[in-house]
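Report on the structure given below.
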Ligand code: NAD
């Protein structure tokens, strides 16, 4: 079984991005900039934002974090985004989710200029991705896709089973694999006989949020299994895949932690650079 080392692949990607930033600096005399808006003091959001800022600095991007208290008015946030949309030193804008209840998430997402939407959540980018046009691609599914490609460069005709249909993971993952000519089945909480569906998959991407849902006897021999899940349990962080069991059957599998997680942040940096290129 191949353990798909997300940390290593992400480190390699960051090295490439570092070189690209230097090249862009030499060519344009400016560097790509990522601005993150953080609202409130939820610990996980603060940790994620700190990790994003650190990674951005390491590859040489300009990075800025704008913090607001959880009571901030929606109008204030929308005005700031509007200002950032017009600021040519800002290549990418990310609003850390989740937002406090009084702020309309969709309104915030739609206020970000599509060419600065590093998360790929703006409806214009969602539509472009599903239509096969150039678009920002959500970071986690992009990371999963790059990991799958390290194992199998030609995905044409492969049967892929996506578990979970969220806008963040399952749906964009589906579009990315369709683009690669996979035959994709999207499963979700109302799917009947998930095990039978999974057993058909050459590729399985699990993005559910249920600890160790996917068992060893759900997996076709030599399948590639990508575990997006991050679940806090008494035994620490575990994925959506029963690692020990599945590792005995799969051809390749991502660990949790150290699989998809590091790729998500590296892909955010990649998206920031792509946004810079679109604006310059
Ligand atoms: P979500 O809650 O938005 O979506 C979960 C999906 O799973 C839904 O579509 C639902 O229909 C489906 N589902 C629920 N129960 C099911 C069942 N019994 N059988 C089949 N499908 C079922 O979650 P999300 O935001 O997509 O996140 C999923 C997991 O990925 C979470 O554990 C989250 O923490 C993790 N995550 C990891 C990263 C990363 O960087 N590694 C990034 C984002 C999310």
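Among the residues of the range 130-148, those that are in a helix (DSSP H, G or I) and within 16 Å of the ligand (Cβ to nearest atom) comprise 139, 140, 141, 142, 143, 144, 145, 146, 147, 148.
Entry remark, the range 24-40: residues being in contact with a strand residue (DSSP E or B) (Cβ under 9 Å, 6 or more places away or on another chain) and in a loop (DSSP other than H, G, I, E, B) number 4 in total. Among the residues making up the range 265-280, a single one is within 11 Å of the ligand (Cβ to nearest atom) and surrounded by fewer than 23 Cβ atoms within 10 Å (Cβ to Cβ): 265. In this structure, residue 119 qualifies as touching a strand residue (DSSP E or B) at 6+ places or on another chain (Cβ under 9 Å) and within 17 Å of residue 39 (Cα to Cα). Of all the criteria given as (1) outside any loop (DSSP other than H, G, I, E, B); (2) under 14 Å from the mean Cα position of the chain (by Cα); (3) in contact (Cβ under 8 Å) with a residue 60 or more places away in the chain, the one not satisfied by residue 171 is (3).
Conditions (1) surrounded by fewer than 22 Cβ atoms within 10 Å (Cβ to Cβ); (2) within 22 Å of the chain's Cα centre (by Cα); (3) modelled with pLDDT under 95, marked per residue:
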site: 58; (1), (2), (3): yes, yes, no
site: 62; (1), (2), (3): yes, yes, no
site: 68; (1), (2), (3): yes, no, no
site: 74; (1), (2), (3): yes, no, no
site: 121; (1), (2), (3): no, yes, no
site: 149; (1), (2), (3): yes, yes, no
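Scanning the range 149-168 for residues that are part of a loop (DSSP other than H, G, I, E, B) and on the phi < 0 side of the Ramachandran plot yields 152, 153, 154, 155, 156, 158, 165, 166, 167, 168. Candidates 107, 54, 80: the one that is within 19 Å of the chain's Cα centre (by Cα) and part of a helix (DSSP H, G or I) is 54.
Are there any strands (runs of 3 or more DSSP E) wholly within the range 180-261 with 2 or more residues that are touching a residue at least 40 places away in the same chain (Cβ under 8 Å), within 14 Å of the ligand (Cβ to nearest atom) and surrounded by 20 or more Cβ atoms within 10 Å (Cβ to Cβ), and if so which? Once the strands (runs of 3 or more DSSP E) in the range 180-261 are filtered for at least 2 residues that are touching a residue at least 40 places away in the same chain (Cβ under 8 Å), within 14 Å of the ligand (Cβ to nearest atom) and surrounded by 20 or more Cβ atoms within 10 Å (Cβ to Cβ), what remains is 203-206. Looking at 210, 237, 230, 226, just one residue is within 19 Å of residue 149 (Cα to Cα) and not assigned by TED's automatic domain parsing to the domain that holds residue 53, and that residue is 226.
The values are calculated or read from the model by the stated rules, or taken from the named source; none is laboratory data. Note that the structure is predicted; figures quoted are calculated from it, not measured. A quick note on method: Cβ atoms are made from the backbone with ideal geometry, for glycine too, and the neighbour counts reach across all protein chains shown.
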